[in-house]
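Student: Can you keep this structure in mind? I'll have questions shortly.
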Amino acid sequence: MITVSHDLVDVDSVLREGGVSCPGCSARVRPWGSARPRSIRHGVEGLGPVRVHRPRRGRCEGCGATHVLLDVLLAARRADAAEVIAVAVESKVAQGWGHRKIAAMLGRPVSTVRGWLRAFAVCADRIVEWFAALLLRDAPDAVAVWPAPAGDGVSAALSVLLAYAAGLGQRFGAVGPVRWVRSGIAACHGRLFCPGFWAAVGQHELALPVGVPAR
Ligand SMILES: [Zn+2]
């Protein structure tokens with residue numbers, strides 16, 4: 001899985017021009033049809049539109065692997081847009097809200113929101129390690145804006161994700177702030193909210209992704 005812009009026209013032209021590299025071997029990825037469609041729930045104040053996304057697929061010229069090119073607004077294996085899960089995490093950390101209150105605010109089932117928050121909490125330590133290493137590599141000047149982690153693992157994870165987004169914004173002169181959920185999703189190829197991904201990272205040495213993720 002590779003994370004790309006949410007604009008399909010953009011994705012098509014970048015793919016055709018050879019602007020997407022394989023996360024495995026860094027060779028060029030060429031267009032290779034589309035993945036199956038996914039219905040994604042949007043909207044962070046009550047259920048917004050359900051949109052059908054049909055991600056592009058690409059095939060690596062080097063190793064032959066096929067990759068799904070996941071829109072940066074989406075989270076792998078989740079039926080809700082990444083932004084919705086991000087708001088749940090922020091509400092938990094910044095407001096101290098519980099999953100029931102967050103579920104009511106977002107217009108999502110309580111069990112779904114509880115699942116997101118549990119998954120994020122389980123992965124929090126790995127997220128801190130991974131993004132602290134990325135921060136040092138991609139935006140060392142921004143390490144200073146990363147406050148000493150206070151509170152629990154979830155707060156520390158959100159804090160390092162915020163620092164990483166701020167660091168990328170500074171380094172690349174972004175117009176406006178870089179949203180932490182986008183830089184986070186891009187840096188781990190859509191798997192920011194996937195416990196399986198973080199468990200696998202935990203079993204191997206910390207292998208950082210190739211290159212600097214897209215804004
Ligand atoms: Zn490859």
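Student: Here is a list of conditions, (1) surrounded by 14 or more Cβ atoms within 10 Å (Cβ to Cβ); (2) more than 16 Å from the ligand (Cβ to nearest atom), and Leu69 meets all of them except one; can you say which number that is?
Tutor: Just one mismatch for Leu69, condition (2).
Student: Suppose we filter segment 6-22 for residues that are within 16 Å of the ligand (Cβ to nearest atom) and open to solvent by 40 Å² or more (accessible area, probe 1.4 Å); how many remain? First the steps, then the outcome.
Tutor: Residues of segment 6-22 that are within 16 Å of the ligand (Cβ to nearest atom), as a first pass: 15, 18-22.
Restricting the remaining residues to those that are open to solvent by 40 Å² or more (accessible area, probe 1.4 Å) gives 19, 21.
Looking only at that region, the number is 2.
Student: Could you list all residues from segment 44-65 that are assigned to a strand (DSSP E or B), open to solvent by less than 70 Å² (accessible area, probe 1.4 Å) and within 14 Å of the ligand (Cβ to nearest atom)?
Tutor: Going residue by residue through segment 44-65, those that are assigned to a strand (DSSP E or B) are 50-53, 56-60.
Narrowing further to those that are open to solvent by less than 70 Å² (accessible area, probe 1.4 Å): 53, 56, 58, 60.
Selection gives Gly58, Cys60.
Student: Can you tell which of Arg41, Arg100, Arg77 is in contact (Cβ under 8 Å) with a residue 60 or more places away in the chain, within 28 Å of Ala121 (Cα to Cα) and surrounded by fewer than 16 Cβ atoms within 10 Å (Cβ to Cβ)?
Tutor: On the way: Arg41 fails: surrounded by fewer than 16 Cβ atoms within 10 Å (Cβ to Cβ); Arg100 fails: in contact (Cβ under 8 Å) with a residue 60 or more places away in the chain.
Exactly one of Arg41, Arg100, Arg77 is in contact (Cβ under 8 Å) with a residue 60 or more places away in the chain, within 28 Å of Ala121 (Cα to Cα) and surrounded by fewer than 16 Cβ atoms within 10 Å (Cβ to Cβ), namely Arg77.
Student: Taking the condition open to solvent by less than 30 Å² (accessible area, probe 1.4 Å), in contact with a strand residue (DSSP E or B) (Cβ under 6 Å, 6 or more places away or on another chain) and within 16 Å of the ligand (Cβ to nearest atom), does Ile2 pass?
Tutor: Numbers: open to solvent by less than 30 Å² (accessible area, probe 1.4 Å): yes; in contact with a strand residue (DSSP E or B) (Cβ under 6 Å, 6 or more places away or on another chain): yes; within 16 Å of the ligand (Cβ to nearest atom): yes.
So Ile2 passes the test.
Student: Among the listed residues Ala88, Ala76, Ala81, which satisfies the condition of being more than 16 Å from the ligand (Cβ to nearest atom) and closer than 13 Å to His6 by Cβ? Spell out how you get there, then give the answer.
Tutor: Values: Ala88 fails: closer than 13 Å to His6 by Cβ; Ala76 fails: closer than 13 Å to His6 by Cβ.
Going through Ala88, Ala76, Ala81 in turn, the sole match is Ala81.
Student: Moving on to the next point. Taking into account only those residues within segment 121-131 that are among the hydrophobic types (A, V, I, L, M, F, W, C) and over 15 Å from the mean Cα position of the chain (by Cα), which is least open to solvent (accessible area, probe 1.4 Å)? Before the answer, list the steps.
Tutor: If we filter segment 121-131 for residues that are among the hydrophobic types (A, V, I, L, M, F, W, C), which is where we start, we get 121-124, 127-128, 130-131.
Of the ones still in play, those that are also over 15 Å from the mean Cα position of the chain (by Cα) are 121-122.
Values: Ala121: 52, Val122: 114 Å².
Ranking the qualifying residues of segment 121-131, first place goes to Ala121.
Student: How many residues are of a type outside the set (D, E, K, R) and open to solvent by less than 30 Å² (accessible area, probe 1.4 Å) if we restrict to segment 103-114? Outline the logic, then answer.
Tutor: Of the residues in segment 103-114, the ones of a type outside the set (D, E, K, R) are 103-107, 109-113.
Next, only the ones that are open to solvent by less than 30 Å² (accessible area, probe 1.4 Å) stay: 103, 106, 113.
So the answer is 3.
Student: So which residues in segment 23-43 are in contact with a His (Cβ under 7 Å, 6 or more places away or on another chain) and within 15 Å of the ligand (Cβ to nearest atom), if there are any at all?
Tutor: Across segment 23-43, the qualifying residues are Pro23, Val29.
The values are calculated or read from the model by the stated rules, or taken from the named source; none is laboratory data. Nothing here was measured: the structure is a model prediction, and the numbers come from that model. Reconstructed Cβ throughout: ideal geometry from the backbone, glycine too, with neighbour counts over all protein chains shown. With ligands, DNA and RNA removed, areas are computed over all heavy atoms of the protein, side chains included. Shrake-Rupley method; radii C 1.70, N 1.55, O 1.52, S 1.80 Å.
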